[in-house]
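Novice: The following block contains the structure, expressed as structure tokens.
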Protein chains: 2
Amino acid sequence: MGQNAFNDTFLKACRKEAVPYTPVWYMRQAGRYQPEYREIRKKYSFFEINENPEVCAEVTRLPVEQLGVDAAILFADIMTPLQPIGVEVDMVSGKGPMIRNPIRSLADVERLHSIHPEQSLPFIGETIQLLREQLSVPLIGFAGAPFTLSSYLIEGGPSKDYHKTKGFMYARPKEWQALMDKLADVTVEYLLYQIRSGAQAVQVFDSWVGSVGAEDYEQYIAPTMTKIFTALKQTGIPTIYFGSGTAHLLNIWNGLPVDVLSIDWRISIDEVRALGIEKSVQGNLDPSMLLAPWELLKNKVTAILDQGCKQPGYIFNLGHGVFPEASVETLQRLTQFIHDYTKK
Amino acid sequence: MGQNAFNDTFLKACRKEAVPYTPVWYMRQAGRYQPEYREIRKKYSFFEINENPEVCAEVTRLPVEQLGVDAAILFADIMTPLQPIGVEVDMVSGKGPMIRNPIRSLADVERLHSIHPEQSLPFIGETIQLLREQLSVPLIGFAGAPFTLSSYLIEGGPSKDYHKTKGFMYARPKEWQALMDKLADVTVEYLLYQIRSGAQAVQVFDSWVGSVGAEDYEQYIAPTMTKIFTALKQTGIPTIYFGSGTAHLLNIWNGLPVDVLSIDWRISIDEVRALGIEKSVQGNLDPSMLLAPWELLKNKVTAILDQGCKQPGYIFNLGHGVFPEASVETLQRLTQFIHDYTKK
């Protein structure tokens, strides 16, 4: 633990406890918008950073120190736990993760190994342990959700439509379930390992699940998510579920054994509460607003905070990740504003 | 007009009149999923097809004859009217339209010319005239909507997040409005030209506008769409507005002077009607379902039709375009099933 008193505002908000001010962190708060990160990336590849605990901890810590946010999130990629199970991934700059051996059949699914994270991902545990010594804010662990992971595995890389993924889901329900089961195991084992190593909350990223209709989500995906969050619940660690464009899924999400729902700007927090959702809520500024003039940004954020603060259990975040064109100064000013505006 | 009696089912549904069965057509019904189209594309580039009325009419007619759909849609790209106003576009296979001179400033906006479609796009008028002689179903003209067009112009090509586009919108409201005004003029002039040439309905494609929150849509985009649909209303020709992931915008869309709202699978037709929307509705099968086994597809389509047919003003379509992996046989069978199932 760091020299400062530990700031547990974020954890309290996850648990719907009273907080002295609204906690804030930003998805992809470590990334290319930071000059320091760009410098480090000149020396190391993405995976080299990830596999070097000293450097990975530095990259994870950087936005906490720079922006004053109330939580750190482990620097890693949702692909990180897939390599040890036999997925060949290349991170292609400007394109994203590309898969050399996409899933096409049951044999492809069965070829994926189980995960033994202590053995295959020792650097993740070491990074987390190091960060727990260094940080005075909670450390969030994370993993990709099975649908979103499967979209890369089946499409072979990023996609705009996910036709192959959903086509596989519809046409091969047995193979689909085998893949969901395998990826659920990976997600659970990987997150339990992060929690054992010291992660104080975990976020499950289902970035692309908003492409699925509500009935299909209920049938093909919800049982897997129930399994994952049920397994995590035993740890007592707060869990967060994130997706973009998921307003149509929130009624179903509300029935999952997860603590916090992370929403985007396509639905307001008032609308979420009007659905009868009492869970903690995280969100929901459109990250594009980081390019807006300060007055406009401030007005938008004020409106979000006024809605979010109506009841306990609110964490400020973006509706999706920070992007390279954003500025450190804007995020610093934004964080300060949120703290000042919501201070009791 | 063709030798068969003219089939005006689609136009009647646009106008909420009684129909003998549910009309159906498919967005991107002319395209790479057709072996005949792939053969033609071996001989001609996309733009060569577009600029050759005989070939363009053939490509437009092909799905009507092959699938038995109730409407044809002009084969063109939403970029087609941008080249004459000074935008340099390359169609890059597997990537989409790439812009050589992206919009960065007011000077860039002012540099765009007005459109004189009779002079600069004579092939569009000729194709439409030819098709009206050949077709026995209505011909739908179309154009891109200003937000979606601007997303290509500002990002320089396809995007997943539209940060630059929305950043421009927030940070440069004057330039944004100038761009919206210019693109609204292009859209209106181009569609009026298509209508003068013989188009019997028009669809405005705002494919990516679902990335914008409701308040921002109301402020930055709705006035432009009102202007466009008001200008088109004078023609008496049915107008359709399409976007994907726009459930959160439908209350605003309902206030626009447009006849038909084209929706996707993220909202059900029952939910649309529950919002109080009385306009005609078009949609909303997830195109990924075209890869599903027939029984699953049939059940999903039956549920959609049962909702759609509850009141007049329903057109079957996908929630987004047909894609290369779809099969002609599935679309044929689907069209036949929809006609048979809904026949009075």
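The values are calculated or read from the model by the stated rules, or taken from the named source; none is laboratory data. The model shown is predicted, which means the values in this text are computed figures rather than measured ones. Reconstructed Cβ throughout: ideal geometry from the backbone, glycine too, with neighbour counts over all protein chains shown. Quick note on the areas: whole protein, heavy atoms, side chains included, nothing else; ligands and nucleic acids left out. Shrake-Rupley method; radii C 1.70, N 1.55, O 1.52, S 1.80 Å.
Novice: Restricting attention to the range B:231-252, and to residues there that are within 20 Å of B:ASP286 (Cβ to Cβ), among the hydrophobic types (A, V, I, L, M, F, W, C) and open to solvent by less than 10 Å² (accessible area, probe 1.4 Å), which single residue is farthest from the other protein chains (Cβ to nearest Cβ)?
Specialist: Taking the candidates together, the pick is B:ILE240.
Novice: Need at least 2 residues that are of a type in the set (Val, Ile, Thr), closer than 30 Å to B:GLU175 by Cβ and touching a residue at least 12 places away in the same chain (Cβ under 8 Å) per element, so show me which helices (runs of 4 or more DSSP H) inside the range B:206-275 make the cut, counting only ones lying wholly within it.
Specialist: Correct list: B:222-233.
Novice: With the condition kept exactly as written, say whether any residue in the range A:126-140 is within 23 Å of A:ALA184 (Cβ to Cβ), small (Gly, Ala, Ser) and either at pLDDT 95 or above or open to solvent by less than 50 Å² (accessible area, probe 1.4 Å) (or both).
Specialist: Taking the range A:126-140 as the starting set, the residues that turn out to be within 23 Å of A:ALA184 (Cβ to Cβ) are A:128, A:140.
Now restrict to residues that are small (Gly, Ala, Ser): none.
Within the range A:126-140, none of the residues are within 23 Å of A:ALA184 (Cβ to Cβ), small (Gly, Ala, Ser) and either at pLDDT 95 or above or open to solvent by less than 50 Å² (accessible area, probe 1.4 Å) (or both).
Novice: Go through the range B:280-293 and give me each residue that's at negative phi and within 14 Å of chain A (Cβ to nearest Cβ).
Specialist: Answer for the range B:280-293, where residues must be at negative phi and within 14 Å of chain A (Cβ to nearest Cβ): B:ASN284, B:LEU285, B:ASP286, B:PRO287, B:SER288, B:MET289, B:LEU290, B:LEU291, B:ALA292, B:PRO293.
Novice: Regarding the range B:146-158, can at least one residue be identified that is farther than 22 Å from B:GLU110 by Cα and within 14 Å of another protein chain (Cβ to nearest Cβ)?
Specialist: Scanning the range B:146-158, I find at least one residue that is farther than 22 Å from B:GLU110 by Cα and within 14 Å of another protein chain (Cβ to nearest Cβ), so the answer is yes.
Novice: Let me ask another. So which residues in the range B:305-337 are surrounded by fewer than 23 Cβ atoms within 10 Å (Cβ to Cβ), touching a strand residue (DSSP E or B) at 6+ places or on another chain (Cβ under 6 Å) and under 17 Å from B:VAL260 (Cβ atoms)?
Specialist: B:GLY313
Novice: Determine whether the range B:18-28 contains at least one residue that is under 20 Å from B:ASP340 (Cα atoms), part of a loop (DSSP other than H, G, I, E, B) and β-branched (Val, Ile, Thr).
Specialist: Looking for residues that are under 20 Å from B:ASP340 (Cα atoms), part of a loop (DSSP other than H, G, I, E, B) and β-branched (Val, Ile, Thr), one finds at least one in the range B:18-28, hence yes.
Novice: For the range B:149-163, how many residues are crowded, with 22+ Cβ neighbours inside 10 Å and part of a helix (DSSP H, G or I)?
Specialist: Within the range B:149-163, the first condition is being crowded, with 22+ Cβ neighbours inside 10 Å, and the residues that meet it are B:149-154, B:162-163.
The next check asks that each one be part of a helix (DSSP H, G or I); those that pass are B:149-154, B:163.
Adding up the residues that qualify gives 7.
Novice: Here's another thing I want to ask about it. Sort through A:ILE277, A:ILE228, A:ILE267 and tell me the only one that's within 14 Å of another protein chain (Cβ to nearest Cβ) and either modelled with pLDDT under 95 or over 19 Å from A:TYR26 (Cβ atoms) (or both). Break it down into steps so the answer makes sense when it comes.
Specialist: Numbers: A:ILE277 fails: within 14 Å of another protein chain (Cβ to nearest Cβ); A:ILE228 fails: within 14 Å of another protein chain (Cβ to nearest Cβ).
Exactly one of A:ILE277, A:ILE228, A:ILE267 is within 14 Å of another protein chain (Cβ to nearest Cβ) and either modelled with pLDDT under 95 or over 19 Å from A:TYR26 (Cβ atoms) (or both), namely A:ILE267.
Novice: Could you tell me which numbered condition A:GLN34 fails, if it satisfies all but one of (1) buried (at least 21 other Cβ atoms within 10 Å of the Cβ); (2) within 18 Å of the chain's Cα centre (by Cα)?
Specialist: For A:GLN34, the exception is condition (2).
Novice: Taking the condition of being buried (at least 17 other Cβ atoms within 10 Å of the Cβ) and not in a loop (DSSP other than H, G, I, E, B), how many residues in the range B:77-97 meet it?
Specialist: So the count comes out to 4.
Novice: Across the range B:209-223, what is the number of residues that are touching a Gly at 6+ places or on another chain (Cβ under 6 Å) and more than 8 Å from chain A (Cβ to nearest Cβ)?
Specialist: Of the residues in the range B:209-223, the ones touching a Gly at 6+ places or on another chain (Cβ under 6 Å) are B:209-210.
With the extra rule that they be more than 8 Å from chain A (Cβ to nearest Cβ), the set shrinks to B:209.
So the count comes out to 1.
Novice: Just to be sure, is A:LEU296 assigned to a helix (DSSP H, G or I), facing chain B (nearest Cβ under 10 Å), over 25 Å from A:TYR37 (Cβ atoms) and not charged (D, E, K, R)?
Specialist: Yes: the conditions hold for A:LEU296.
Novice: Suppose the filter is modelled with pLDDT of 95 or more, more than 18 Å from the chain's Cα centre (by Cα) and open to solvent by 10 Å² or more (accessible area, probe 1.4 Å); does B:ALA292 pass it?
Specialist: yes
Novice: Turning to a different aspect of this structure: For a quick check of your reading of the model, give me the residue pairs whose first member lies in the range B:58-84 and is on the phi > 0 side of the Ramachandran plot, whose second is buried (at least 19 other Cβ atoms within 10 Å of the Cβ) and modelled with pLDDT of 95 or more, with beta-carbon atoms closer than 6 Å and at least 6 apart or on different chains.
Specialist: B:GLY68/B:THR335
Novice: Let me ask something else about it. Can you name the residue in the range B:317-344 that is touching a Phe, Trp or Tyr at 6+ places or on another chain (Cβ under 8 Å) and hydrophobic (A, V, I, L, M, F, W, C) and is also nearest to B:ASP264 (Cα to Cα) among such residues?
Specialist: B:LEU318
Novice: Sticking with this one: One residue is enough: does the range A:168-177 have a residue meeting the conditions of a type outside the set (D, E, K, R) and more than 14 Å from every other protein chain (Cβ to nearest Cβ)?
Specialist: Yes: the range A:168-177 contains one or more residues that are of a type outside the set (D, E, K, R) and more than 14 Å from every other protein chain (Cβ to nearest Cβ).
Novice: If you don't mind, another one. Listed residues B:VAL301, B:VAL328; which is within 21 Å of A:HIS163 (Cα to Cα) and either modelled with pLDDT under 95 or in contact with a Pro (Cβ under 9 Å, 6 or more places away or on another chain) (or both)?
Specialist: Numbers: B:VAL301 fails: either modelled with pLDDT under 95 or in contact with a Pro (Cβ under 9 Å, 6 or more places away or on another chain) (or both).
Sole residue among the options that is within 21 Å of A:HIS163 (Cα to Cα) and either modelled with pLDDT under 95 or in contact with a Pro (Cβ under 9 Å, 6 or more places away or on another chain) (or both): B:VAL328.
Novice: May I ask you to list the residues in the range B:300-333 that are more than 20 Å from the chain's Cα centre (by Cα) and more than 14 Å from every other protein chain (Cβ to nearest Cβ)?
Specialist: Of everything in the range B:300-333, those that are more than 20 Å from the chain's Cα centre (by Cα) and more than 14 Å from every other protein chain (Cβ to nearest Cβ) turn out to be B:LEU305, B:CYS309, B:LYS310, B:GLN311, B:PRO312, B:VAL328, B:GLU329, B:GLN332, B:ARG333.
Novice: Residue by residue through the range B:176-191, note down the ones that are under 14 Å from B:ILE103 (Cα atoms) and crowded, with 20+ Cβ neighbours inside 10 Å.
Specialist: Within the range B:176-191, the first condition is being under 14 Å from B:ILE103 (Cα atoms), and the residues that meet it are B:176-180, B:182-183.
Selection gives B:TRP176, B:LEU179, B:MET180, B:LYS182, B:LEU183.
Novice: Considering only the range B:190-205, how many residues are in a helix (DSSP H, G or I), farther than 23 Å from B:GLY255 by Cα and of a type outside the set (Ser, Thr, Tyr)?
Specialist: 3
Novice: Residue pairs, Cβ under 6 Å, 6 or more apart or interchain, first in the range B:100-112 and open to solvent by 40 Å² or more (accessible area, probe 1.4 Å), second assigned to a loop (DSSP other than H, G, I, E, B). List them.
Specialist: B:ARG100/B:GLU88; B:ASN101/B:GLU88
Novice: Within the set of pairs 6 or more residues apart or between chains, which connect a residue that is over 22 Å from A:ILE277 (Cα atoms) inside the range A:289-311 to a residue that is of a type in the set (S, T, N, Q) with Cβ atoms less than 8 Å apart?
Specialist: A:LEU290/A:SER327; A:LEU290/A:THR330; A:TRP294/A:THR330; A:LEU297/A:THR330
Novice: Shifting gears a bit: Within the range B:35-69, which residues are within 21 Å of B:GLU329 (Cβ to Cβ) and aromatic (Phe, Trp, Tyr)?
Specialist: Of everything in the range B:35-69, just one residue is within 21 Å of B:GLU329 (Cβ to Cβ) and aromatic (Phe, Trp, Tyr), namely B:TYR37.
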